[in-house]
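Asks: Below you'll find the structure I mean.
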Amino acid sequence: MFQEQLHPRSHVRATAPTQRKRRVRTDWLTLPIGALALLMLWQLVVMVGDIPAFILPAPRKVAQSFAEMISTGRLWPHVGVTLFETLAGFAIGFAVATVVGYALAKRPHAERAVAPWLVAMQAVPIVALAPLLVSWLGVGLASKIAVSALIVFFPILINTIIGVRSVDQEWHELLSVLHATRWQRFRHLELPAALPVLFGGIKLGITLAVVGAVVGEFIGARTGLGALINIARGGFYDTALLFVALITLALMALALYSAVVLLERLLVRWRR
Amino acid sequence: MRDGLIVADHLSHQFQKRDGRVSALRDISLTVASGEFLAIVGPSGSGKSTLLRLFAGLLQPSEGCILYHGAPLTGTPPDISVVFQKPALLPWRTVADNIALPLQLSGEGSAQQRIAPLIEAVGLHGFGAAMPHELSGGMQQRVSLARALVSQPRLLLMDEPFAALDMMLRGEMNRLLLGLWEETRPTVVFVTHDLHEAVFLADRVIALSPRPGRVLRELAIELPRPRHTIERYGHDVQPYVEQLGALYERLGSREPAS
């Protein structure tokens, strides 16, 4: 103790890097417990309030409907189509946004010229463009992918620009002194430095991509979870089926988001 | 005088600021001899870092020219290293991988046989696999020093590398630097506002005036080498420090910390 105070050499401060605290993780329990509580509340509301099934079906009815959709295999085509539209839309939006974002980040003059157009584009709700896109591209997959890609574009673009700009000037000078090529500068500096910020945009983008696909399906589609909601609403007012579609959508978004978080942990291990 | 490793000939540099041009350096002429340890001192804003960036080819002079090996300097010379005031370590790389960066970029691969002894030499035994955020400021600057030395440069440019460290640690790092320098004796241009550090390290000290920086004085430090074993606050060091201190005091400028 006294020894340490007498010799305040700051490099003894760091402890051996391998020793880390191990803690029992309990936070994974919060999701199932929360879901269970919600189900109980739901059941309670239906029972006490005596609510008709077409307004709010009991959880048991929804579960029955869910089981039926799965056992007859009718759910999967809807899931498959929406998942495909979501992933394709995200991929296209991501690819265009990162390339444009990187180019703009490296050229502030170009960014100033393009920025008003981008903001104006963002000010128009993409959702409101969906009918237009469906009438241009038809009721097939293309229009949904387009809505999804457009909605993904902006958050990824902004995060790419911020991420690439976040690189310290001294790092750039270091790589200049080391005669780094443009590719090396990208690979060893800009990409790893921008990744944490970019992942913020990806998380936002992947959930928005689901929204884009579903909105596209609302306007006109025969398959897809958005189309299933339309089917459930129309004619029979099968509210239980509507809930099945909503829950499936939520689970899909959750799965996609979790996949992104997993990927982030793999790629951005250096930041605590 | 014209056969030095670096010859600066009537260098001036101006920065473009929003409210016009600011003159950082005015009419600097100096020579850095091959194998020399040169320190450049001056108060904040005297353009000493700017001068170093000109030597590194990171900035272009507004007037005058720089000769490197007798030829006009265009861009960054091939065999130099720079140590910045901030350690500028890449946070996603381990200590060893940060040190290996120059070799990796120049295509020499991460030669382990060169990196392990260097980690030892800068006093970071056992920290090769550590990440930069796990290190203290002093340790990070050790990594930065090792990274600068790994390519065995002929010219080492150092921009206030120890300015952020406390006084005791700075003395320790000075000794470490001198010990490493003795081994290969590269040419060093060392920028600092610490007069004591400059005298202890250098063969020659060039004192710059406040903005715009001009050469006020060149002072040869005739202390014996190797110096990393002599007393940093010894009787023979002090007179040089006092001379430089008096110079700035007469100027009526804010005296650089000593």
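Asks: Scan region B:72-81 and tell me whether some residue there is touching a residue at least 24 places away in the same chain (Cβ under 8 Å), closer than 30 Å to B:ALA246 by Cα and surrounded by 23 or more Cβ atoms within 10 Å (Cβ to Cβ).
Replies: The answer is no; no qualifying residue exists.
Asks: Still on this model: So if I check each of B:SER34, B:SER49, B:SER29, B:SER62, which one is within 16 Å of the chain's Cα centre (by Cα) and either among the charged types (D, E, K, R) or away from chain A (no Cβ under 14 Å) (or both)?
Replies: B:SER34
Asks: If we only count strands (runs of 3 or more DSSP E) wholly inside region B:9-105, which ones have 3 or more residues that are farther than 24 Å from A:HIS188 by Cβ?
Replies: B:20-32, B:37-41, B:63-68
Asks: Let me ask something additional. Between a residue in region A:161-179 that is within 7 Å of another protein chain (Cβ to nearest Cβ) and any residue that is aromatic (Phe, Trp, Tyr) and surrounded by 16 or more Cβ atoms within 10 Å (Cβ to Cβ), which pairs come within a Cβ distance under 9 Å, given they are 6 or more apart or on different chains?
Replies: Hits for this filter: A:GLU170/B:PHE84; A:GLU173/B:PHE84; A:LEU174/B:PHE84.
Asks: Right, another one. For region B:1-48, what are the residues that are farther than 21 Å from B:GLY64 by Cα, in contact (Cβ under 8 Å) with a residue 40 or more places away in the chain and surrounded by fewer than 22 Cβ atoms within 10 Å (Cβ to Cβ)?
Replies: Result: B:SER34, B:GLY35, B:GLU36, B:PRO43, B:SER44.
Asks: Considering every residue within region B:75-92, establish whether at least one is more than 9 Å from chain A (Cβ to nearest Cβ), touching a strand residue (DSSP E or B) at 6+ places or on another chain (Cβ under 7 Å) and more than 25 Å from B:MET173 (Cβ to Cβ).
Replies: yes
Asks: Hey, another quick one. So, restricting to strands (runs of 3 or more DSSP E) that lie completely within region B:132-246, which ones have at least 1 residues that are within 14 Å of chain A (Cβ to nearest Cβ) and modelled with pLDDT of 95 or more?
Replies: B:155-159, B:187-192
Asks: Applying the selection to region A:228-272, what residues are within 14 Å of chain B (Cβ to nearest Cβ) and either surrounded by 17 or more Cβ atoms within 10 Å (Cβ to Cβ) or assigned to a helix (DSSP H, G or I) (or both)?
Replies: Within region A:228-272, A:GLU264, A:ARG265, A:LEU266, A:LEU267 meet the criteria.
The values are calculated or read from the model by the stated rules, or taken from the named source; none is laboratory data. The model shown is predicted, which means the values in this text are computed figures rather than measured ones. Backbone-built Cβ (ideal geometry, glycine too); neighbour counts: all protein chains shown.
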